[in-house]
Amino acid sequence: MMTDEKNQGHNVADKWCDEAALYYIREYGEHPINRLTAEQAQLETNDHVLDIGCGSGSALRAAGEIVTAGELIGIDPSPVMVRVSQEESLCHPAFPRMRFLLGGAEAIPLSCDLVTVAWAINSLHHWQDIPLGLSEVQRVLKSDGRFIVVEEIFEDRIGMTPEEVLLHLTKAGFECLDHSEAVADEARMNVFVFRNLKQE
């Protein structure tokens, strides 16, 4: 999600009111970083992909061009974003294998060990409880599954630094496989690839 707001303790419903959700969709819903994430995720045709904070669903639509046999699942705490992601994806060839669900990272509405690849594209810093959210990612992610974290680099505003991302993820039991910078539409991003270390 392309916004520089810091988590200030607001509840999800207040933070993502309809007006804010529609603004995000209008300004950032089709941001190139969404497609870039899907293209660089080394997806397989039968992966089961989870997008946490899916916004308008554009990253999953890009993933659907690669994942032709698996499932594509998006969750978002905003009912407006869930509705728009469904509407925008209706004509996509992968739509029969897509699900867009209302929910946040802290209570992912999926069964255990379902997902092979999960990502949070500029949404980690919005989570209300990052340790709880990461425990939920571990729960739904298969052992050795990959979790991709993308966080925008802000020059004049406070964002989530690479050190903060690494601290949260390693403390939660993820192994960092790769960290790089990417540029999309003049936005600079830190891109992390983590491996889930939980045991079956």
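The values are calculated or read from the model by the stated rules, or taken from the named source; none is laboratory data. Please read these numbers as outputs of a predicted model, since none were measured by experiment. Positions of Cβ are generated from backbone atoms using ideal geometry, with glycine treated the same way; all protein chains shown enter the neighbour counts. These accessible areas exclude ligands, DNA and RNA; they are computed on the full protein's heavy atoms, side chains included. Shrake-Rupley method; radii C 1.70, N 1.55, O 1.52, S 1.80 Å.
Secondary structure note: in the range 42-200, about 45% of the DSSP beta bridges are antiparallel. Entry comment: accessible area of the range 44-200 is 42 Å² per residue, from protein heavy atoms only and a probe of 1.4 Å.
Backbone amide hydrogens, once placed in the peptide plane, bring residue 153 within less than 5 Å of 188, 189, 190, excluding anything fewer than 5 places away on its chain.
Ligands, DNA and RNA left out, the accessible area of the range 62-200 computed with a 1.4 Å probe is 55% carbon and sulfur.
Look at the dipole of the range 30-169 built from charges on Cβ: of 79, 98, 66, the Cα furthest out on the positive end belongs to 98. Computed from phi, the 3J(HN,Hα) profile of the range 39-49 under the Karplus parametrisation 6.51, -1.76, 1.60 (θ = phi - 60°) reads 5, 9, 7, 6, 6, 10, 4, 9, 5, 10, 9 Hz, with x in place of Gly and Pro.
The 3J(HN,Hα) values that the Karplus relation (6.51, -1.76, 1.60; θ = phi - 60°) gives for the range 83-96 are, in residue order, 5, 5, 4, 5, 5, 5, 9, 3, 8, 6, x, 8, 3, x Hz. Gly and Pro appear as x. Protection proxy ranking, highest mean first, for peptides 126-139, 86-99: 126-139, 86-99, where packing is the per-residue count of other beta-carbon atoms within 10 Å, averaged. Per-residue packing, averaged as other Cβ atoms within 10 Å, sorts the ranges 170-181, 37-48, 53-64 into the order 53-64, 37-48, 170-181, beginning with the highest. Between residue 113 and 140, 141, the built amide H atoms are under 5 Å apart, and every one of these is 5 or more places off in sequence or on another chain. Neighbours of residue 131, meaning other residues whose beta-carbon lies under 12 angstrom from its beta-carbon, give a summed charge of -2 when Lys and Arg score +1 and Asp and Glu score -1.
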